[in-house]
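Structure, as structure tokens:
The values are calculated or read from the model by the stated rules, or taken from the named source; none is laboratory data. Worth saying up front: this structure is predicted, and the values here are computed from it rather than measured. Backbone-built Cβ (ideal geometry, glycine too); neighbour counts: all protein chains shown. Calculation scope for accessible area: heavy atoms of the full protein, side chains included, ligands and nucleic acids excluded. Shrake-Rupley method; radii C 1.70, N 1.55, O 1.52, S 1.80 Å.
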Amino acid sequence: MFRARRLLPRLAALSALPPPRARGYADPAAGPVPMAFTFASPTQVFYNGASVKQVDVPTLTGSFGILASHVPTLQVLKPGVVTVYAEDGTATKYFVSSGSVTVHADSTVQVLAEEAVTMDMLDLATAKSNLEKAISEVAAASDEAAKAEAQIKVEANEALVKALE
């Protein structure tokens, strides 16, 4: 009985608190929050805090699109195409070899790529030739380390060929 009397005021205080707010996948945005987008590689900055409508990214867990107020996440990029949609709806495509994408709760998004180029800088015939060379490197690899390096080249070049076809 003594213990119940001591806990009663504490329970009353807890019941007066508002319920905890959890953000789920289907919660609407709190208003028109623009997405601040930064996209860079070691050699070039493509966007620096730019306001964009949507970004589509290829990750190891699958490709997905990012809009303003997206659920925060951190993902590893895989070789593939990053598509950036401007506010007017125009799309610009980039090929990335690897990297990371970070989505923050405040609608800031960073894509940091190991290598990135615009798609118009790439050539399908060269990509196919590089893929053939990488496949032959896998077959000729003398040890596991060389084979793993060649396999990474194969995967990157397969993604490149697929993006250009």
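Extension gain, A141-E158: 0.36 nm per intervening residue step, less the Cα-Cα distance, totals 4.3 nm. Quick check: from the Cα gyration tensor, does the range 100-152 come out rounded (a/c under 1.5), prolate or oblate? Here the range 100-152 falls in the oblate category. Taken along the Cα-to-beta-carbon direction at a fixed 7 Å, the label points for T102 and Q151 span 3.0 nm. Computed from the C-beta positions of A86 and L122 and an R0 of 25 Å, the FRET efficiency is 0.75 to the nearest 0.05. Taking a ≥ b ≥ c as the square roots of the eigenvalues of the Cα gyration tensor, the range 39-105 is classed as rounded, since a/c falls below 1.5. Using C-alpha pairs under 8 Å with a sequence gap of at least 6, the mean separation divided by the residue count of the range 110-165 gives a relative contact order of 41 percent. Could you tell me which of rounded, prolate or oblate describes the range 70-165, using a ≥ b ≥ c as the square roots of the eigenvalues of the alpha-carbon gyration tensor, with rounded for a/c under 1.5 and, failing that, prolate when a/b is larger than b/c and oblate otherwise? Oblate is the answer for the range 70-165, as a/c is 1.5 or above yet b/c matches or exceeds a/b.
For the range 39-144, carbon and sulfur atoms together expose 54% of the accessible surface, with a 1.4 angstrom probe and every protein chain in place. Distance between the 7 Å Cα→Cβ label points at S129 and Q44: 2.1 nm.
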